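S.K.: Input: one structure, supplied below.
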Amino acid sequence: MTQKHLPITGGCLCGAVRYEFTESPVNGGYCHCRMCQKASGGLFTAWVEFSPSGFRFTKGEPKLYRSSEWGQRGVCSTCGSQLAFIYDEDPVPVIMIGSLDHPDDWPLAQEGWWGHAYVDEKVSWHVISDDMPQFASNYPEIPQEQKDTS
């Protein structure tokens, strides 16, 4: 694999919102829930998660839309690109991998990454063909001590 681009940068389709991470992602996965399907207009969302340090918006900020009881989606108010999901208890956004400038740098099939959530809600004709774990609903809770060692 080629050299990964650091810092990790990305943004929306029109360029009105840009962001930067100075550290590599700590996790990633796919969500097949109906809410993510509707929000993205696709069959699922693919995302990466970062540690709390080293994140900043470098141009503009996304408009936040409360899509659930536990979080908000960040979208560009100009072009509508979905950029992030922000959990209420965690200010660091989960970033949609398609909004990264170099998404090929961060393949989701990495050892220890979460896999596929809400496969019980996936579109029936979509076949998941990788070996990542699959969960009928949300990902299992990860003990804090395991998170701290990642």
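The values are calculated or read from the model by the stated rules, or taken from the named source; none is laboratory data. Here the structure is a predicted model, which means the values were calculated and not measured. Reconstructed Cβ throughout: ideal geometry from the backbone, glycine too, with neighbour counts over all protein chains shown.
S.K.: Residues of region 55-75 being in contact (Cβ under 8 Å) with a residue 40 or more places away in the chain and in a loop (DSSP other than H, G, I, E, B), which ones?
M.R.: Answer for region 55-75, where residues must be in contact (Cβ under 8 Å) with a residue 40 or more places away in the chain and in a loop (DSSP other than H, G, I, E, B): Gly60, Glu61, Pro62.
S.K.: Hey, does region 76-99 have a residue that's in a loop (DSSP other than H, G, I, E, B), closer than 26 Å to Glu20 by Cα, in contact with an Asp or Glu (Cβ under 6 Å, 6 or more places away or on another chain) and at pLDDT below 95?
M.R.: no
S.K.: Hey, another quick one. Quick one: how many residues across region 15-37 are at pLDDT below 95, crowded, with 21+ Cβ neighbours inside 10 Å and hydrophobic (A, V, I, L, M, F, W, C)?
M.R.: Final tally of qualifying residues: 3.
S.K.: For region 119-142, what are the residues that are under 15 Å from the mean Cα position of the chain (by Cα) and either farther than 14 Å from Glu49 by Cα or part of a helix (DSSP H, G or I) (or both)?
M.R.: Asn138
S.K.: Which pairs have Cβ atoms under 9 Å, sit 6 or more apart or on different chains, and link a residue in region 105-123 that is farther than 25 Å from Arg34 by Cβ to one that is modelled with pLDDT under 85?
M.R.: Every condition considered, the pairs that remain are Asp105/Met1; Asp105/Thr2; Asp105/Gln3; Pro107/Met1; Gly112/Ser150.
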